[in-house]
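Right, one structure below, let's go through it.
Values in this text are rule-based calculations from the coordinates and carry no lab data. No experiment lies behind these values; they were computed from the predicted model shown. Quick reminder, even Gly has a Cβ in these numbers, built from the backbone with ideal geometry, and neighbours come from all protein chains shown.
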Amino acid sequence: MNPSNLGKQNGALVLEVLQVLGHPATIEEVSQRVANIYKVARERIQPVVGDVLTAGVQEGFFRCSNYRYSVVQSTIDQLRQEIDKYVYEMLSMEEEVLPQPSPLMIKLEQLDGSPPVTPQSVLSPSPSSGELRERTPPGDASSAVATY
């Protein structure tokens with residue numbers, strides 16, 4: 001596993017870990033949980049987790065006090081509503097054009113500095129029939145908050 005990439009949704013993974021912990025946590029605690037998930041040494045993961053936590057504080061997903069990180073619940077509640085709306089629009093669409101993710105969803109995707117996923121990168125033409133097939137990306141942002 002490449003420690004610079006925790007999966008498609010680094011921000012969503014760190015968000016989920018903080019929610020599961022249920023209390024403000026140090027970078028070491030969060031990194032250890034992530035390392036346990038991926039079965040790698042904490043020292044390999046910690047720089048990436050630190051970058052995600054720092055960006056998350058700047059974007060309003062996390063807060064940091066006394067070197068302990070926690071989620072900003074109002075932002076997470078808003079994100080949950082936006083994901084629900086996005087999923088509803090996606091499931092009720094009759095055309096092949098996916099709805100646009102909300103700005104907050106895009107911010108969560110970009111906490112690790114990666115470019116946002118665009119609807120064009122989610123759908124790809126089938127080589128045999130020309131129809132569009134949806135790819136299911138691992139670590140989807142909705143999985144981080146849908147279970148809470």
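Normalised by residue number, the volume inside the convex hull of the Cα atoms of region 1-111 is 106 Å³ per residue. Charge dipole (Cα centre; +1 on Lys/Arg Cβ, -1 on Asp/Glu Cβ; no other charges) of region 1-102 amounts to roughly 620 debye. With the simple model of a label 7 Å out from the Cα in the direction of the Cβ, residue 38 to residue 91 spans 3.2 nm.
Put the Cα centre of region 14-46 next to the Cα centre of region 75-115 and the gap is 25 Å.
Between 50, 40, 60, the Cα set farthest toward the positive side of the dipole of region 37-80 (charges on each charged residue's Cβ, about the Cα centre) is that of 40.
A simple spin-label model places the labels of residue 26 and residue 106 3.8 nm from each other, with each point 7 Å out along Cα-to-Cβ.
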